[in-house]
Amino acid sequence: MERTTCCVVGGGPAGMVLGLLLARAGVAVTVLEKHGDFLRDFRGDTVHPSTLALLEELGLAERFAELPQRRVTTVRLPLGRDRSLVTVGDIGALRSTYNYIAMVPQWDLLNLLADEARREPSFSVRMSTEATSFLVERGRVTGVRYRTSDGGTGELRATLTVACDGRDSLARSRPELGLRRFDCPMDAWWFRLPRREGDPQGLVGGVGDRFLTAMIDRGDYWQCATLIPKGSDARRRAAGLDRFMADFTAAVPWLGDRTHAVRSWDEVKLLDVRLDRLHRWHRPGLLCIGDAAHAMSPVFGIGINLAVEDAVAAARYLVEPLRAGAVGLRDVRAVQRRRWPTAALTQALQRTAHARVIEPLLAGRSPFGNPRRAQRMTELITTSRWLNRVPAYFLAYGAVRERPPTASVR
Ligand SMILES: Cc1cc2nc3c(=O)[nH]c(=O)nc-3n(C[C@H](O)[C@H](O)[C@H](O)COP(=O)(O)OP(=O)(O)OC[C@H]3O[C@@H](n4cnc5c(N)ncnc54)[C@H](O)[C@@H]3O)c2cc1C
């Protein structure tokens, strides 16, 4: 029988950070990741100051700084006159070591974390290994069944299983955890366009008629995300790629000369935007964190950092019980109690942004109800230092800062 102390299902940001922190504290931890590598095109890229500060505490700041990256210091939304972009969060103005968002391909961050964790003798990551169901004995989760990409199957038993397997988590099949879904007005299309000398840098937005788009600078190409009304994917595709690219060019004229680089709809991927959270993140022997516990909207690009902070809090609360070999319901409950308010508050802000800004813009209406109110809001946001700093601090560090267990710090 295979056995570990902590079985982590999923090697995304939450799973890899949790694996690293626990292994450094001497806990035997096995991460199961269904993919053969971390190289997935479809991931968020934003590493916020809270995660940068964590990497420094873990002694990884220098290695992280060597990764190819762009820095973003302001967050801008299309709230100005004629829908021009205005700064709603000036992270660069914060007085802290890390006053920028680092745009780093997620696979680079995950590879760094995995390399570092592999140095710990109590850590192992099994790639191409998918958890298929939970082992349950007398009401307690005691591990998982898994299958490997070469057709092998097995069972891994553990004192605690942590579901870090994202928004389609295995744990979501457990009705007792209760899933609450919130309406989202949009889906997103993702595609790439070449980046050229002289283009802007960092994170750039574009607004057209019923059209919102953002471009992430990835060095030699732009990772573009265009918001479309929820459920309109098939209808819009039927209208033709040329029509879409014409709308795109109207919103982002400086990229219009290379839209032909997208040759077919196959290169435009759909992200079904979801916003939900589990009512309960735990049951005996099981804890859910990251997107598995609360799927986030891409608004504010904050999902990775929330997942990382969940992992940091989980490691701090669980290191001692795991070392002692007995994790009670009280221990896992404490993690949810700590992290739920931040997740719920962030989702509430995302829902407000959906309702007040995104939905009206996609419907061709003015954000915040009417143009005059939108203008007043814009003036308030741009002229008040306080109103600008609060969202900036929230974006940078979240509602509460999480510190790793001292045993994991280097
Ligand atoms: C297209 C897109 C763009 C995004 N952009 C941003 C952004 O710019 N900034 C931001 O902060 N957030 C962004 N997000 C959200 C962000 O990626 C997530 O919030 C974050 O990755 C959540 O981390 P996680 O570790 O909880 O889950 P995930 O990153 O979803 O990781 C889950 C991992 O578990 C693995 N897995 C799943 N099921 C199993 C199983 N049964 N067995 C074993 N392994 C399994 C998956 O392969 C995956 O590696 C974006 C999301 C998407 C889809």
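A short reminder: the numbers here are calculations on the coordinates, not readings from a lab. Treat the numbers as computed from the prediction; the structure is a model and nothing was measured. Note: ideal-geometry Cβ built from the backbone for every residue, glycine included; neighbour counts use all protein chains shown.
Of the DSSP H helices in the chain, those that are both long (alpha-carbon extent of 30 Å or more along the helix axis) and hydrophobic (Kyte-Doolittle mean at least 0.0) are 303-324. Full extension of the chain segment joining T148 with A238 gains 28.6 nm, where the gain is 0.36 nm per residue of separation less the Cα-Cα distance.
Note on the chain: GNM, Cα springs under 10 Å; of T249, T30, T159, the largest mean-square fluctuation is that of T249.
In the chain, the calculated helix contribution to ellipticity at 222 nm averages -10000 deg cm²/dmol per residue, counting -39,500 (n - 2.57) for every DSSP H run with n ≥ 4.
Descending by average beta-carbon neighbour count within 10 Å, the peptides 230-236, 326-332 line up as 326-332, 230-236, the highest first. Considering only C224, W254, N370, and ranking their Cα positions along the charge dipole of the chain that arises from unit charges at the beta-carbon of Lys, Arg, Asp and Glu, the one farthest toward the positive end is N370. Once the Cβ-Cβ distance of T406 and R333 is raised to the sixth power relative to R0 = 22 Å, the FRET efficiency obtained is 0.45. Take the Cβ atoms of W386 and R95, set R0 to 25 Å, and the FRET efficiency comes out at 0.95.
Annotation: extensible slack from E56 through R138 equals 25.3 nm (criterion: 0.36 nm per residue apart, minus Cα-Cα distance).
Note on segment 109-138 and segment 251-322: Cα centroid distance 19 Å, given to the nearest whole angstrom. Cα centroids of segment 377-405 and segment 181-221: 23 Å apart. Taking the chain as a Gaussian network of alpha-carbon nodes connected by springs under 10 Å, the highest mean-square fluctuation of the residues P253, P284, P367 belongs to P253. Any idea what the relative contact order of segment 186-271 is, in percent, if you count C-alpha pairs under 8 Å spaced at least 6 apart? Worked out over segment 186-271, it gives 39 percent. Comparing W265, W340, W190 in a Gaussian network model of the chain where C-alpha atoms under 10 Å apart are linked, the largest mean-square fluctuation is found at W265.
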